[in-house]
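Report on the following structure.
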Amino acid sequence: MTESNYAYNIIMNLANLPNFLQKSILQQRLNEFFILTNKEQAEIIDNALEIGPSIPFDKFARLLKTWLISLANMSYTNRKTIFSQYIHKIISSPQKLVEFNLDGMLEVFTVLNETNKQIIIETICDIICELDPNARKKVLILIPDNIKSYLSV
């Protein structure tokens, strides 16, 4: 079995779990992320960006919502680490973002409670503001206007 198929199967199995199991397992996996090497973390991020668009959106949306809530409840440092890695991977491989249903992902974000939304927005804004000018420019070009409206960068 290839690495891509293996990662896809793991993500699909997670996406198909009932909410209470999905949340528990996802939080456990997120906590385990920080004991991995940088190379392993980068591989996980790369696999998620590669596989995400191929997951039926209804399942992906439910998993995304659980993931966002879990991240909002993590420490700032851990949340920033994960979002930073995604942002840096997208900067280096912008084509990976194109295949995602960004409008649908924004809809998932908008149903979060205000506290979780604010936590996520502040973390992403901090990361974008800390990028070098060229990287910041790339990110701002990649982000659709309807998503930029939530960010103060």
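The values are calculated or read from the model by the stated rules, or taken from the named source; none is laboratory data. Quantities reported herein were computed from a predicted structural model and do not represent experimental measurements. Every residue, glycine among them, receives a Cβ derived from its backbone with ideal geometry; neighbour counts consider all protein chains shown.
One table, with the values for the structure above:
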| read-out | value |
| --- | --- |
| Selection count, segment 118-153, where residues are touching a helix residue (DSSP H, G or I) at 6+ places or on another chain (Cβ under 7 Å), outside any helix (DSSP H, G or I) and not polar (S, T, N, Q) | 5 |
| Elements of type helices (runs of 4 or more DSSP H) in segment 29-92, at least 2 residues being closer than 19 Å to Glu114 by Cα | 57-72, 76-92 |
| Test: residue in segment 74-93 that is of a type in the set (D, E, K, R), within 19 Å of Leu26 (Cβ to Cβ) and out of contact with any Leu (no Cβ under 6 Å at 6 or more places or on another chain) | yes |
| Among the residues listed as Lys65, Lys59, the single one being in contact with a helix residue (DSSP H, G or I) (Cβ under 8 Å, 6 or more places away or on another chain), modelled with pLDDT of 95 or more and not aliphatic (A, V, I, L, M) | Lys65 |
| Verdict on Ser149 being exposed (fewer than 14 other Cβ atoms within 10 Å of the Cβ), modelled with pLDDT under 95 and either of a type in the set (A, V, I, L, M, F, W, C) or over 29 Å from Thr37 (Cβ atoms) (or both) | yes |
| Cβ pairs under 7 Å, 6+ apart, first in segment 89-103 and touching a residue at least 12 places away in the same chain (Cβ under 8 Å), second of a type in the set (Val, Ile, Thr) | Lys89/Ile45; Ile91/Val139; Lys96/Ile90; Leu97/Ile90; Leu102/Ile147 |
| Subset of segment 87-102 (residues that are surrounded by 15 or more Cβ atoms within 10 Å (Cβ to Cβ) and either more than 23 Å from Asn16 (Cβ to Cβ) or touching a strand residue (DSSP E or B) at 6+ places or on another chain (Cβ under 8 Å) (or both)) | Ile87, His88, Lys89, Ile90, Ile91, Lys96, Leu97, Leu102 |
